[in-house]
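Step one of this worksheet: look at the structure below.
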Amino acid sequence: MATLQNSTITGRLQITGKLKQINSDVSNWQVLSHCANGTDTTPVYAGGRLHVRTPIRADNTHLGWNPIIMEVRGYHSYSGEATHNFMALLNSTGDSNNTWYGNQIRSDSGHNSLPLVYQSTNTYGGYKRVCFSVTKVGCCCTGHIWIRFWNNTSTAPYDYAWATEGRGDSQGSLSAPF
Amino acid sequence: MATLQATTINGDLSASNGKVFDSGSSFTPWYKLGHCDCHSGIDGRSDCLGNGYPYLHVRTPIPADNTTSGIGWMPAMLELVGYHTYSGEKFHNHKWVLNTRGDNNGFSATELSHQATSEGFSSSYNVYRSASTYGGLKRVVMVMPKVACCCTGNLWIRWSISSQYRNHHAWATQMFNSTNTGY
């Protein structure tokens, strides 16, 4: 691995992996597709919600009096029947009870997005993970979603694999697939 | 300093102690600041005493005038993202357009958008030109609400004019009891 000092690139810089700007503590964007397989719907792509499992541990090994902002942008279907643009503050108590603070959407200007942030029921790699769901259209139409994190981002966003799943639930009736 | 031509990195690129300047886009990297003000001697007030003033003023290095070092007829997009306290009692997601007239040196800052559900286009936010000079020039100052608590909180700021201004002068933060008077 090359370790460079101050460097100037007088042209295009292309990175096939991740750009990690550690000092500014803002992660790069993770892009995901909106057309997820569904486990409780027929056909499989027809779900009311897209669920995303992030690599962020939903406990005080990543959070704990040290909040992370999660930012989400995206769209689904060719005409953007659902668009996503929200920020949520993720946190847990840093003391021994390690309580997940729950859904904290602080900023939402999406269209028909209805975001919901939650802690996974199961553990992945030994930890419960931060998950969220947004509205999806019952169609395997074009759609992408971008996620990035602010604060505590040098290692947390790369701790575990991402996952998505379509479900027929709603914002108010969480099926908690993860 | 190495000067590379067009470069492809097959893997991750980490900027561990410095910044990545995307000169082609003209956006600066995000600059991170803390939200807590525990200065003593400001009328006996301090976030660490729980009686701090309600507004945090951030003095940026951006010169707010039309001198040759300034930004006359050079409007810029100024962006703010951040939070204060463990539950995000204050949450920032704002954009402004800054402008300084090149003829009469008039300064303006127009709020373009906000997404903070609890604050919105609140009168608690402002951008103004400092009354005093710092390094010989008046500077662009951002104002946002805060809680009188030395609780966790961070701010990220960037703007869309030449990144040379990022290190034009030192940054500073301080609490005040006003949204338009401080620096």
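Criterion applied to B:T8, B:T110, B:T3 was being touching a strand residue (DSSP E or B) at 6+ places or on another chain (Cβ under 8 Å) and more than 9 Å from chain A (Cβ to nearest Cβ), and the one residue passing it is B:T110. Examine segment B:32-40 for a residue that is more than 13 Å from B:W159 (Cα to Cα), more than 11 Å from every other protein chain (Cβ to nearest Cβ), touching a Lys or Arg at 6+ places or on another chain (Cβ under 8 Å) and not aliphatic (A, V, I, L, M), and state whether such a residue exists. Yes: segment B:32-40 contains one or more residues that are more than 13 Å from B:W159 (Cα to Cα), more than 11 Å from every other protein chain (Cβ to nearest Cβ), touching a Lys or Arg at 6+ places or on another chain (Cβ under 8 Å) and not aliphatic (A, V, I, L, M).
Restricting attention to segment B:12-24, the residues that are among the hydroxyl-bearing types (S, T, Y) and in contact (Cβ under 8 Å) with a residue 40 or more places away in the chain total 1. Considering only segment B:134-174, state which residues are assigned to a strand (DSSP E or B) and aromatic (F, W, Y). Passing the criteria: B:Y134, B:W156, B:W159. For segment B:1-26, a residue qualifies if it is within 12 Å of A:T3 (Cβ to Cβ), hydroxyl-bearing (S, T, Y) and over 29 Å from the mean Cα position of the chain (by Cα), but none of them does.
Considering each of A:R12, A:R73, A:R53 in turn, give the residue that is modelled with pLDDT of 80 or more and away from chain B (no Cβ under 13 Å). Selected residue: A:R53, the only one of A:R12, A:R73, A:R53 that is modelled with pLDDT of 80 or more and away from chain B (no Cβ under 13 Å).
Each residue in segment A:69-84 was checked for being surrounded by fewer than 24 Cβ atoms within 10 Å (Cβ to Cβ) and over 12 Å from the mean Cα position of the chain (by Cα), and 8 of them qualify. Number of residues in segment A:57-70 that are touching a Phe, Trp or Tyr at 6+ places or on another chain (Cβ under 7 Å) and closer than 22 Å to A:A161 by Cα: the value is 8. The conditions of being in contact with a His (Cβ under 7 Å, 6 or more places away or on another chain), surrounded by fewer than 17 Cβ atoms within 10 Å (Cβ to Cβ) and touching a residue at least 24 places away in the same chain (Cβ under 8 Å) are not met by A:H111. Within the bounds of segment A:23-38, is there any residue that is at the interface with chain B (Cβ under 8 Å from one of its Cβ atoms) and among the small types (G, A, S)? Yes, segment A:23-38 has at least one match.
Restricting segment A:143-161 to residues that are of a type in the set (S, T, N, Q) and buried (at least 21 other Cβ atoms within 10 Å of the Cβ) leaves a set whose member that is farthest from the other protein chains (Cβ to nearest Cβ) is A:T153.
Among the residues making up segment A:56-103, a single one is in contact (Cβ under 8 Å) with a residue 60 or more places away in the chain, assigned to a loop (DSSP other than H, G, I, E, B) and charged (D, E, K, R): A:D59.
The values are calculated or read from the model by the stated rules, or taken from the named source; none is laboratory data. Predicted model only: the values in this text are computed from it and were never measured. Note that we place each Cβ from the backbone using ideal geometry, even for glycine, and neighbour counts take in every protein chain shown.
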